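Notes follow the structure.
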Amino acid sequence: MDSSSIESNSIEWNTEDELDVDNISSSSSHQDQIADFAPSSSSCNCRGSNTIHQFLQMGFSKEMVIKAVKENGQNEGAVLDALLTYKTFEESPEDEQVLVDPCHAELASNVLDVYPDEEICENEEFKNLSTEKDRTVSLLVEMGYQAEEALAAIDRCSLDTPIAELVEFISAAQFAYHTDAQLGELSYDNKIHQHQKVCVLFLSELTCSSDLRFLNQLYTMFLVGFPKLNGPVYMSKKKRKYYDNEMQKLQKQRKYLEKQPMDHDNEIVHLPNPMVGFGVPNQPSPVLFQRRIPDEAEGRPYFYFENVALAPKGVWHTMSRFLYYIDPEFVDSKFFCAAARKRGYIHNLPIENRSQLLPTPPSTIHEALPHTKQYWPSWDKRMQLNCILTCIGSAKLTDRIKKAVEKSGDDEPLPGVKKYVIQQCKKWNLIWVGKNKVAPLEPHEMEMLMGFPPNHTRGGGISRTEQYTVLGNAFQVDTVAYHLSVLKSMFPDGISVLSLFSGIGGAEVALHRLGIPLRNVVSVEISETCRKILKSWWDETNQQGKLIHFHDIRMLTAHELEKCMSTFGGFDLIIGGSPCNNLAGGNRSTRNGLEGSKSCLFFEYYRIIELVRSMMRHR
């Protein structure tokens with residue numbers, strides 16, 4: 001992708017990294033084809049009719065001939081090539097079943113077809129849930145809240161949430177609603193800035209865990225939306241006092257802010273080409289620049305944030321603005337392994353004296369997967385694989401490719417056939433495992449490409465589908481380790497890590513492979529499968545430090561963090577990458593940036609960094 005396409009408002013995301021997995025579209029109807037093919041002159045009409053008649057006599061169907069002529073004009077050689085290609089796939093099934101990637105939400109409707117064994121909730125269980133929900137709503141109504149408020153709180157927080165926290169949710173929603181109403185029609189960025197000021201003010205005045213829960217709810221609602229409640233605002237006199245004072249300041253600034261034009265040029269974060277960040281091994285150093293780390297972001301605890309590079313316009317600018325305006329470092333993992341993975345990183349780590357993990361991993365497909373070399377056709381010029389996804393190509397697809405290539409015998413396939421086969425192999429990372437036979441990567445091959453030890457995700461009740469999913473969402477260990485290598489000399493006696501969105505432990509594996517002892521790791525990961533994998537690796541590698549698990553980052557309060565820090569004296573590193581579901585290029589239906597239901601969790605990452613750095617400054 002060149003710089004001009006990055007700056008455009010409508011970016012094509014059919015890159016070799018963030019791949020689109022739309023099903024192959026069916027051809028248009030016969031009548032539409034005839035209408036589209038209508039010639040503009042009588043001479044063209046005669047010549048076109050002769051061409052169609054000629055190929056009809058050769059045994060091709062009328063629909064197929066019209067489609068080929070429409071696509072290739074009167075070039076008989078090109079039309080014949082296209083017809084032979086169509087004939088190759090004529091008997092192939094039209095639809096494919098694939099394992100669904102969470103980042104590709106447009107395929108969500110196929111989930112039941114892909115996993116037919118998964119059952120919907122039984123009617124009896126549904127009735128029990130409804131009864132429990134009714135009891136909770138009734139209790140909240142008796143406390144003076146409206147039924148609509150109670151239902152909104154239950155839907156957002158879940159039915160298992162304690163009554164006290166549901167009450168705090170409603171209070172926060174009312175507070176957010178009235179605050180937003182006073183800010184009027186400010187732009188989204190300006191509103192976020194003012195919301196942030198209110199939350200930071202409350203943060204400095206917290207006195208108990210309930211205050212923090214209220215703040216967490218309020219902050220989330222400011223960023224991702226809140227129920228439009230019209231009831232009275234329930235808050236303490238202390239909170240009301242600070243709220244009123246802050247609102248007076250905001251009102252004074254409102255006219256000024258409304259007159260300030262948005263600097264749209266600053267919203268664009270330019271992606272380097274090649275994507276080498278601040279430097280990668282065995283590549284020319286990028287043009288020198290002055291990297292700026294603000295004073296308030298320097299030093300311990302260091303932080304390291306990761307997400308997809310090809311996010312919607314303005315997303316990286318926003319994330320950089322929240323993370324102290326530090327410039328992102330964009331790196332493609334193809335410089336560290338045999339698979340591409342374009343990612344952006346915002347961190348306050350030093351960038352001098354980095355070192356690569358040893359031994360260095362294979363950098364080409366044939367080095368990484370030598371058994372494929374004997375079967376690899378000369379016309380497949382791939383040297384590296386594309387981004388490891390959370391889904392794989394179907395058996396029907398690999399069978400279709402085998403039949404298409406076999407029809408060519410010992411000769412090279414027709415150009416149309418080759419183009420289709422290469423396109424599908426790139427999209428699904430298919431490799432040649434036999435004569436004319438392709439297959440998806442196996443989980444253990446993905447583990448090797450991503451830098452994890454053998455069988456890292458295997459066993460323990462974890463299915464192959466789960467293996468593909470968790471590996472597709474993981475860090476590329478060699479890339480991350482290169483950035484973290486500067487910590488080795490800083491923490492020779494061990495490091496205390498707050499690992500947010502831990503996944504299968506990419507950060508922990510990278511630090512371990514660098515030889516940095518893991519003294520304490522507080523891991524926050526919502527997936528039970530990922531927590532099992534990390535715990536299994538921790539035990540198998542005989543880690544001597546302490547591993548503490550938290551389920552949900554939204555429930556990680558200042559009280560819990562204070563307990564952890566009082567035990568081992570604070571954190572040295574905060575690391576993680578928030579979900580990319582609403583950012584990834586393959587997501588055509590809910591690719592709504594940081595406002596998405598998953599990707600908005602970036603703001604939880606920011607909240608935790610602010611909490612930890614503030615608490616450690618006052619220790």
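The values are calculated or read from the model by the stated rules, or taken from the named source; none is laboratory data. Predicted model only: the values in this text are computed from it and were never measured. Note: ideal-geometry Cβ built from the backbone for every residue, glycine included; neighbour counts use all protein chains shown. Side chains included, ligands, DNA and RNA excluded: accessible areas come from the protein's heavy atoms. Shrake-Rupley method; radii C 1.70, N 1.55, O 1.52, S 1.80 Å.
Here are the numbers for this structure:
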quantity	calculated
Longest to shortest principal axis, alpha-carbon extents of region 509-618, angstrom	45, 37, 24
HN-Hα J in Hz across region 530-539 - Karplus 6.51, -1.76, 1.60, θ = phi - 60°, x for Gly and Pro	5, 5, 4, 5, 5, 5, 5, 5, 4, 6
Surrounding net charge for Val405, when Lys and Arg each add one and Asp and Glu each subtract one, Cβ distance under 12 Å	+1
Calculated on alpha-carbon atoms, Rg and Dmax of region 366-496 in Å	18.3, 63
Of Ser614, Gln544, Asn520, farthest towards positive along the dipole that unit charges on Lys, Arg, Asp, Glu beta carbons give region 487-619	Ser614
Unit charges on C-beta of K, R, D, E only; dipole of region 332-415, Debye	320
Other-chain or far-sequence residues with amide H under 5 Å of Asn307's (modelled H)	Gly344
Residue-level accessible surface for Lys437, protein heavy atoms, 1.4 Å, Å²	90
Debye, to nearest 20: dipole size of region 392-510, +1 on Lys, Arg Cβ, -1 on Asp, Glu Cβ	640
Sorted peptide list for 503-510, 314-321, 374-381, 552-559, criterion being average Cβ within 10 angstrom, highest first	503-510, 314-321, 552-559, 374-381
Principal axis dimensions, largest first and in whole angstrom, of region 541-603 by Cα	45, 31, 19
Largest to smallest accessible area among Met383, Met616 [probe 1.4 Å]	Met383, Met616
Positive-end residue of Leu385, Ile365, Thr398, charge dipole of region 362-439 with Cβ unit charges	Thr398
Counted charge near Lys535, where neighbours are those whose Cβ lies closer than 12 Å (Asp, Glu -1; Lys, Arg +1)	-3
J(HN,Hα) series, region 562-571, from Karplus relation 6.51 cos²θ - 1.76 cosθ + 1.60, nearest Hz, glycine and proline x	4, 4, 5, 5, 5, 6, 10, x, x, 10
Phi to ³J(HN,Hα) by Karplus 6.51 cos²θ - 1.76 cosθ + 1.60 over region 480-496, Hz, x for Gly, Pro	5, 4, 4, 6, 7, 4, 5, 7, 4, 6, 7, 10, x, 8, x, 9, 9
Span from the region 315-338 Cα centroid across to the region 459-526 one, whole angstrom	18
Three-way shape call for region 434-487 based on the alpha-carbon gyration tensor, with the a/c threshold at 1.5	oblate
